[in-house]
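What follows is a set of notes on a single structure, which appears directly below.
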Amino acid sequence: MIRAQRQVIIKDLEKKMVLLMGPRQSGKTWLAKEIASSFQKSSYFNYDNFKDKAIIEKQAWLPDTEILIFDELHKMPNWKNFLKGVFDKKPNGQKILVTGSASLEIYDHMGDSLAGRYFRHRLLPISLSELRQASEDLQINKLLERGGFPEPYFAESDLEAARWRMQYIGSLLSSDILEIEVIHSLKNMKLVLELLRNRVGSPVSYLSIAEDVGISPTTVKKYIQILEAVYVIFVVTPYARDIARSLKKEPKIYFFDNGLVNGDAGAKFENLVAISLLKSLYARNDELAEDVRLHYLRTKEGYEVDFAIVNGNKVESIIEAKVRDDSISKPLKYFHKKYSYQAIQLVQFLPNEYRDDGILVLDAKSYLAELHI
């Protein structure tokens, strides 16, 4: 399956280097090598490989190489200064593509700035919109249960997908996380992760988790930041005009891998909507330079709507996710009436789409398949 970002990345490589970030095993290396196949002379180097590491440090690739691909380069000391030097001195026309699993922001304090020298792209798991673009079957139930990581999604059986997931979490906890931070108790980290798997879609109290695990709220916050940095989870904060105020309120936690969600059909469906929306917003940010963010809405009185897409300082739309169309959400009606926000209720099982008092009730599968990516 050809990934949707392929042509955009190739186009961006004509102007600057590209940093391709995203969860481990989301397909970054495969996509990078697939892009390399469109060039006559390409070189792929993984910093984890001893021989490749030596070539990287000596800059011993051939000067007529058309595209250089560096994988896991963030593990190299002063990697930003290294990249800056390579980019500034490269022959005309030479392309540079850098891939990595850890969030780019976690390394902002290291080395010199690469500002003005790169385009960022974030490769997330496969979504309905990406399946549509690739002319693949839109199997929403498969995405709900297996998630959108390529290997489990295209696995021959649910058992193969489950075995992949067990190995995946084990490798994250034993390698990626330890590269970022020394964790004194992996057991506690695993407990926090398990608790989060059961609280998808609900505001998360760091204090409550701390009491359940027997650690401090500060440690819980640190663990969640690490899990976010390695693309296991993403945090959605409540929207407020004063962003500083929104950060003080309880966030909601979602998983990049839908298969990690422990919960009922509603929790799994809400997580799928969350990751689909985030993937679209990342694309709009990385490719179109739009200042778009994903939040949720919540009042002191308890009115809550699952998602708010915010463009700049303006709410673009508010979205409620429901498995079945029992009735339109009262909080959705409340925010729509009070603030005139465009309101959408996405329903997994919906006989007919309709509009009720200005609120759109739409088939989730169709809506998510048409998102920009």
Any chance you could list P(r) for the chain, counting all Cα-Cα pairs in 20 angstrom bins from zero, rounded to whole %? 27, 57, 16, 0
Using only alpha carbons, build the gyration tensor for the stretch 6-122 and give me the equivalent ellipsoid semi-axes, biggest first, whole Å. 18, 17, 15
Estimated vicinal HN-Hα couplings, Hz - the stretch 74-89 in sequence order (Karplus 6.51, -1.76, 1.60; Gly, Pro = x): 5, 7, 7, x, 6, 5, 5, 5, 4, 5, 4, x, 5, 5, 5, 10
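If each residue's Cβ is checked for other Cβ atoms within 10 Å, how do F234, F255 rank with the fewest at the top?
Values: F234 19, F255 26.
Fewest-to-most ranking of F234, F255: F234, F255.
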How do I140, I318 rank when sorted from fewest to most other Cβ atoms within 10 Å of their own Cβ? I140, I318
Partners for K300 among lysines (Cα-Cα distance below 20 Å; same-chain residues under 8 apart left out): K248, K249, K252, K330, K333, K337, K338
Long pairs among K28/K90; K80/K314; K16/K58, criterion Cα-Cα beyond 31 Å: K80/K314
Projecting the Cα atoms of S208, Y168, I275 onto the charge dipole of the chain, where Lys and Arg contribute +1 and Asp and Glu -1 at Cβ, the residue farthest towards the positive end is S208
Excluding A32 itself, what net charge comes from residues whose Cβ is under 12 Å from its Cβ, given Lys and Arg +1 and Asp and Glu -1? +2
Phi-derived 3J(HN,Hα) across the stretch 309-317 with the Karplus relation (6.51, -1.76, 1.60, θ = phi - 60°), rounded Hz, x for Gly and Pro, is 8, 10, 10, x, 10, 10, 6, 7, 6
Total formal charge among the other residues, if their Cβ is under 14 angstrom from that of L131, Lys/Arg +1 and Asp/Glu -1: +2
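Please compute the contact order of the chain in relative form: average sequence separation of alpha-carbon pairs under 8 Å and at least six residues apart, divided by the residue count, as a percent. The partial results should precede the final answer.
Values: 626 pairs, mean separation 53.1, N = 373.
Over the chain, the number comes to 14 percent.
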Residues whose placed amide H lies under 5 Å from that of Y231, excluding near-sequence neighbours: S103
Among the aspartates and glutamates, which have Cα under 16 Å from the Cα of K142 when same-chain residues fewer than 8 positions away are ignored? E130, E151, E156, D158, E160, D257, D264, E270
Translational D in µm²/s for the stretch 193-242 (Stokes-Einstein at 37 °C, 0.692 mPa s, Kirkwood Rh from C-alpha pairs): 281
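For the chain, what is the mean residue ellipticity at 222 nm derived from helices alone (per DSSP H run of n ≥ 4: -39500 (n - 2.57); sum divided by total residues; nearest 500 deg cm²/dmol)? List each step's numbers first, then the result.
Details: 16 runs with 151 residues, N = 373.
Mean residue ellipticity at 222 nm (helix-derived): -11500 deg cm²/dmol.
Would you mind ranking L143, L159 so that the residue whose beta carbon has the fewest other beta carbons within 10 Å leads the list? Mind showing how you got there, number by number?
Details: L143 24, L159 9.
So the ranking, lowest neighbour count to highest, is L159, L143.
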For the stretch 155-170, just list the computed ³J(HN,Hα) in residue order, Karplus coefficients 6.51, -1.76 and 1.60, θ = phi - 60°, integers in Hz, with x standing in for Gly and Pro. 4, 6, 8, 5, 5, 4, 5, 5, 5, 4, 5, 4, 5, 4, 5, x
For R197 and A289, extending 7 Å from Cα along the Cα-Cβ vector and measuring point to point gives, in nm, a value of 4.3
Summed side-chain charge close to R284 - residues other than R284 whose Cβ falls under 11 Å, Lys, Arg +1, Asp, Glu -1: -3
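All of the numbers you see were taken from the coordinates with simple rules; none came from a lab. Predicted model only: the values in this text are computed from it and were never measured. Heads up, the Cβs are rebuilt from the backbone with ideal geometry, glycines too, and the neighbour counts pull from every protein chain shown.
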